[in-house]
1. Using the Cα gyration tensor of region 1-129, with a ≥ b ≥ c the square roots of its eigenvalues, what is the shape: rounded (a/c below 1.5), prolate (a/b larger than b/c) or oblate (neither)?
2. Could you please rank 122, 393, placing first whichever residue has the fewest other Cβ atoms within 10 Å of its Cβ?
3. For the ranges 167-179, 402-414, what's the packing order if you count other beta-carbon atoms within 10 Å of each residue, average per peptide, and put the highest first?
4. Towards the positive end of the charge dipole of the chain, with charges on Cβ (+1 Lys, Arg; -1 Asp, Glu), say which of 659, 478, 224 has the farthest Cα.
5. Simple spin-label model, 7 Å along Cα-to-Cβ: residue 50 to residue 164 in nm?
6. Report D for region 328-400 in µm² per second (integer): Stokes-Einstein, Kirkwood Rh on Cα pairs, 37 °C, 0.692 mPa s.
7. Starting at the first residue of region 275-290, write each ³J(HN,Hα) from the Karplus equation 6.51 cos²θ - 1.76 cosθ + 1.60 with θ = phi - 60°, in whole Hz, x for Gly and Pro.
8. On a 0 to 90° scale, report how tilted helix 554-570 is relative to the longest principal axis of the chain, with both axes built from alpha carbons and the result rounded to the nearest 10.
Amino acid sequence: MVDPISLGAIAAVLGAVGSGMANEAGKWAWETAGGLVRRIAGREVTAPTTPGELDDVARLVHERVRADPHLARSWDRFARGVRLPGAPDSLDRPCLPTAPRFFTDRQQALKLLDEEAVRPFEGRPRLALLHGPQGIGTSTLALHWGWRQTARFPDGQLYADLGALTPDAALGTLLRRLGLPDEEIPPAAMDRADLFRRCLADRRLLLVLDHVRSATQVRPLLTSAPDAFTILVARRPLTGIDALRIPVGPLARRDATRLLTELVGKPAIGAARSTLPAVLDRCAGSPYALRAAAPRLTSPPQRQEAPAVPDTDPVHAAADDAYRALTPDAARLYRLAGLRDWPALDARAAAHAADLDETVAAGLLEDLADALLVERTDSGCYRYRPSVRAHAERTAATVDGIPACSAAVARVVEGYRDLAVGAARAALPESWRVPSADSPVTFPDRGAAVAALAAEAPGLVEAVHAAEEFRDRDTALLICRSLWPLQLKAGHHEVLLPALRAGARIADEQVPGTRAAGSLHAQLAHTLTELRRWDEAEPEALAAARDERTAGHVRGHASAVEFQGLLRLRQWRFAEAYTCFEEAYGILDAIGPDGEGAADLPRARALLERHRGRALRGLGRRAEATERLERALGFFRDTGEAYNTARTLTDLAETLLDGGESDAALPLIDEALAALRRENAAYHVARLRVLRERCVTPE
């Protein structure tokens, strides 16, 4: 049995609590840990943000609890309620995307993959890098090999298209595909990487990472698990990655002919005997180009804008040939929808780009997918290959002209703006942070609105960048402000961070010292806090308070100062947190009976009372903490706010437990559990059950 007060066990508990802050119960545990560490140390201890700092705190706790049996019992009670690091009890068995039906040659590459997969581990992770130019079939090769090896990887085959993903966003994608809910995925990249490696540690699993751009992007995703095999797919060799490098080149002429024969049949190849050599020359051994050319061997093009021109890039050549065979409407949509790298192109965005009915756009996208000019994704959306999109963009500039291209991008951005504003209003109608602009987009309920924001988050981020590039700063700010309900209710902070940085930057340039600027700095501070980038969050929180104060927005100023206090709670700086909450409470006094925000004053003050109680608990001032928390509890009980009632009851119960008053804490915990019956708060319920166990189990 592991000694609970050993240095290793204490470090493990602190690490587990720190990485578990994706849900409110985890944040509670972190705050509780801070108060306990302060009590054990006899002084304030700033929350650790790096592995080295965490080790220092663990050593401090270890020294004190070994010397004081009472403190050792307090730590043991806390540690017993913490889930220690380890893979989740159950994970999904992921599968690869489907592979193309017809596959030719690549015998040498397949043999090398076979050998790497069975190579003795000997401390060297099994890792292969398939690299080759776009359209040469590296992704197809990885998928084809993976599907042939399902028996070798009984725990699943995990796939991620990295595209433009950051490492922390990629880790979030992979953990979700393993079946982890968002509430269990750590917010910080370092903690995500650690959890991902633990999830793979004992699994016989294939990991395919497609469209890798750099060693920096992929390094946090690599595992040393002895039974895992990772295949990287990139356009060029990656320096700094110790992998078996497998170059993938053009198909030999006979293999190219064989692939075409499999695609269209021997009769069609015989009928095209006279044109076949030219087709093979133009495709240059590119499987993508050959697949794109196959339909034109059996049917003439519907139109010809211009004769084919020589092209040294077979993907460009194939895109040009396929484009010239499109109907005019499909060709126009292809050009205009490809002007930006929209992360998940769907019928709605395509309809805005080409100024078409959405149903018509959906049919045209299917035509483009059949022509291999866009690819279908697992989410039901579409994407361009980079070289194909470059062809679409270049062709649009020539055929449509710069004004029409700019208008097409502006329509897509406006579509994202309307969706974001409509969803934000539906998801959080009572919030003064959400913009009040009109939107034609509506949603049936709050859940559907938040789900839409989550699904469209990558596109909304790209829309912010496009609006900034086109100097449509008002639209960029509207979209950013509309992200608040998603930040508050569902997270996705690693995805939203680039847009929020852009929003704060634009606000400082466009509308400094205004409510909009204050709101955007507050949103950015919130996301940086959730990502545990506390040093970056603090200046943003201060900027939010500055701008709200300059704008004369009392409610916003108080909220920004309140947020500074919440940040300091997260940092275990309890005395400073209490000072911030006191200041925020005083700022609210400036709101008169008819002033803006007056109707919300009682609730705002009740929340600050709860926060003051939390800070006092962290300081060990339990009697004062109890008084503050009871005041907040009275308000939330009277107004029927079930969730805030349960939150405050939990704070109060933990404060009583700190003083050994388990008999007084037990009815509060039972009341909180009853209040949460209709709430979707599984993690809060789990925490309450741990606390209840402490009340009924003798020490």
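1. prolate
2. 122, 393
3. Per-residue Cβ counts within 10 Å, averaged per peptide and sorted highest first, yield 167-179, 402-414.
4. Positive-end residue among those listed: 224.
5. Distance between the two pseudo-spin positions: 3.2 nm.
6. 280 µm²/s
7. Each residue's phi maps through the Karplus curve to give 9, 4, x, 5, 5, 5, 4, 5, 7, 6, x, 7, x, 4, 5, 5 Hz.
8. 90 degrees
Taken together, the values in this text are just the output of simple stated rules run on the coordinates, not laboratory data. Being a predicted model, the structure only gives us computed values, none of them experimental. Cβ atoms come from the backbone with ideal geometry, glycine included; neighbour counts cover every protein chain shown.
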